[in-house]
Every structure is written in structure tokens, then in C-alpha cells.
Amino acid sequence: GSMPHSFVLERASGTHIDSVSRQAVPTHLHVLCSVPASSSYFNKILQAAGRIIGFISFLCLEAQRKGMVILMNREWPYLVPGIPDEAFERGSLPMTKREVRALTICTARLAPKLTVWDVGAGTGSLSVEAALLTPGGRVIAVEKSQEGVLLIQKNSLRFGVSQIELIHGEAPQALLGLPAPERVLIGGSGGQLEEILAVCAKQLVVGGILVATIIAPRNLVKVLDVLNMPPFSKPEGVFIQASRLEKLGKENIFRAQNGVWIISARKEEA
């Protein structure tokens, strides 16, 4: 038959998405079609695309009317977590892997205008993911190493997230005096996990959520001991051990990543 065609649909009028975004973003909806242009499916795809664009426009106008900000990022123009590891500057520091990062962010139940602490921020990968999902909010990244501080700065610039506030210091001392968080993400603890948990439990607002990512069994016990007590509700947790598809010679294999516990709890009382 005839050669298949691909085509691009461009929204021609109305309010563009970037009118309520803090960055200029393309307003094109690219639809790759593998059927001939004369096919009846062509018109159906056009109609469906038009409805999608119309719905997006409606959401943007409603967000603008209610004073909300829709942030679409050129480096990661999606509304879901899970940025590939290679998209970040990493250096020699360990970094929370994409699969763990995505589940951690989902567990935190982020929303616009929240204040988030990222304790032991490392490369800043979690801070960046959190910032992208909390427009109008604050992400306070606490990191003790100089290399980590530089990496957080680089990754913040790369993704254009301006609401990351970098604190160069060691927790728990560096947490004192910070704005009360509605979400706390704990990664590195530098051997002071119990002290960090105590400060976070006190400073976290009622109704806020604490999420800890843990690789050492002894730290798992410490986290569970704290989160099983007031002011927290019953903790939730999952152990994730992902395997990634890789090429080995001519074969496809799944290479295992390190296992990580993700433990969370909501603060129920002051």
C-alpha cells in the first residue's frame, strides 16, 4: 500500500500552556501516525488530539484562575517522578536510584506550595524531583559534604528549579531554626539517625508525612522504633529491589540494584 505518514498537530489559538508556566515550553502535541493520511483513523486521531488539547487548556485556565502555577520543565517535561539517573550530575557520591526515587516521591504525596525537607540530600536528585512537584513551595536541601553542595547547585540549575534552598551543614544541628516542614525526606544520616528523627518528629507539622529511605538493617530498626510511637500513625513500608534490563554481549539480562526500605508515617498529633 501507500507509505505511512507521520504528522504534527499544533494548537493554533487560545491560551497556551506556557502563559501560566514559569518557563517557556512548546505547545505542540506530536502524534506519530503509522497509517496512511487518507485513512479514516486520521480524522479520529485529530478529533481525539483536539479533545486532549482542549482539556489541558481548561486545566491551565482553571489553575490560573485559582492562583496555581503549572510548572513544565524542559529537562523533564512530565508530571510524574522518575528522572533517569544519567540526567543528573553525580560525582563520586551515592545517588538514590530512579526506581527508589520515584516510589519515595509517590509515598510523600507531594502537592503545590508544600515545604519539604530533604535531609542528607547528596546529589540533590530527590530535591529536584520534589521541587518539580511542589510549584510555589519550598524544598530545603540539607547536605554536609562540599561535593554534595556543588552537585545540588549544578542539578538545580540543570533542571531550572529555583525553590531549592541549600543548607550546607550537618543534621540535626543544621535543621534547627528551619521553617516547619509538611514533608520530610531522610536519606543520609551520618550516624545520627536517632537525633535527626527526634528533630524531624518535633518540627514536622501535624498531618505532615515523613519518608525515610534505608539500606542498613540496623537503621531500619531505629526508624521503626520511632515511627511506631506517637506522634506518628502506624508506619507503612516497602522493600524495593529493582533489576534493570541491560545488554550483555548478544543477550538481554536483568542486573539487580541494591535493595532499599522505604518507610513512611504521618504525624497525627502535636
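Structure above, values below:
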{"read-out": "Members of the range 192-238 that are in contact with a strand residue (DSSP E or B) (Cβ under 9 Å, 6 or more places away or on another chain) and among the polar types (S, T, N, Q)", "value": "203, 213, 219, 228, 233"}
{"read-out": "Members of the range 161-187 that are open to solvent by less than 40 Å² (accessible area, probe 1.4 Å) and either in contact (Cβ under 8 Å) with a residue 40 or more places away in the chain or within 14 Å of residue 223 (Cβ to Cβ) (or both)", "value": "161, 164, 171, 175, 178, 181, 183, 184, 185, 186, 187"}
{"read-out": "Unmet requirement for residue 117, which otherwise passes all of (1) surrounded by fewer than 21 Cβ atoms within 10 Å (Cβ to Cβ); (2) in contact with a Lys or Arg (Cβ under 9 Å, 6 or more places away or on another chain); (3) at pLDDT 95 or above", "value": "(1)"}
{"read-out": "Of residues in the range 135-149 being over 13 Å from the mean Cα position of the chain (by Cα) and farther than 14 Å from residue 181 by Cβ, the one surrounded by the most Cβ atoms within 10 Å (Cβ to Cβ)", "value": "143"}
{"read-out": "Selection within the range 207-220 - surrounded by 11 or more Cβ atoms within 10 Å (Cβ to Cβ) and not in a strand (DSSP E or B)", "value": "208, 215, 216, 219, 220"}
{"read-out": "Enumeration of residues in the range 196-206 that are in a loop (DSSP other than H, G, I, E, B) and open to solvent by less than 30 Å² (accessible area, probe 1.4 Å)", "value": "204"}
{"read-out": "Matching entry among 251, 246, 236 (being surrounded by fewer than 15 Cβ atoms within 10 Å (Cβ to Cβ) and touching a residue at least 12 places away in the same chain (Cβ under 8 Å))", "value": "236"}
{"read-out": "Criterion: open to solvent by 10 Å² or more (accessible area, probe 1.4 Å) and free of Cβ contacts under 8 Å to residues at least 40 places away in the same chain - qualifying residue of 157, 132", "value": "157"}
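Listed here are the residues, each with its yes/no results for (1) open to solvent by 60 Å² or more (accessible area, probe 1.4 Å); (2) of a type in the set (Lys, Arg).
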{"site": "222", "(1), (2)": "yes, yes"}
{"site": "230", "(1), (2)": "yes, no"}
{"site": "257", "(1), (2)": "no, no"}
{"site": "262", "(1), (2)": "no, no"}
{"site": "269", "(1), (2)": "yes, no"}
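For (1) hydrophobic (A, V, I, L, M, F, W, C); (2) modelled with pLDDT of 90 or more; (3) surrounded by 15 or more Cβ atoms within 10 Å (Cβ to Cβ), each residue gets a yes or a no:
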{"residue": "61", "(1), (2), (3)": "yes, no, no"}
{"residue": "68", "(1), (2), (3)": "yes, no, yes"}
{"residue": "72", "(1), (2), (3)": "yes, no, yes"}
{"residue": "75", "(1), (2), (3)": "no, no, no"}
{"residue": "80", "(1), (2), (3)": "yes, yes, no"}
{"residue": "83", "(1), (2), (3)": "yes, yes, yes"}
{"residue": "92", "(1), (2), (3)": "no, yes, no"}
{"residue": "98", "(1), (2), (3)": "no, yes, yes"}
{"residue": "107", "(1), (2), (3)": "no, yes, yes"}
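The values are calculated or read from the model by the stated rules, or taken from the named source; none is laboratory data. In this text, all values refer to a predicted model and were calculated from it rather than measured experimentally. A quick note on method: Cβ atoms are made from the backbone with ideal geometry, for glycine too, and the neighbour counts reach across all protein chains shown. Ligands, DNA and RNA are stripped out before the accessible areas are found, and what is left, the full protein with its side chains, is counted by its heavy atoms. Shrake-Rupley method; radii C 1.70, N 1.55, O 1.52, S 1.80 Å.
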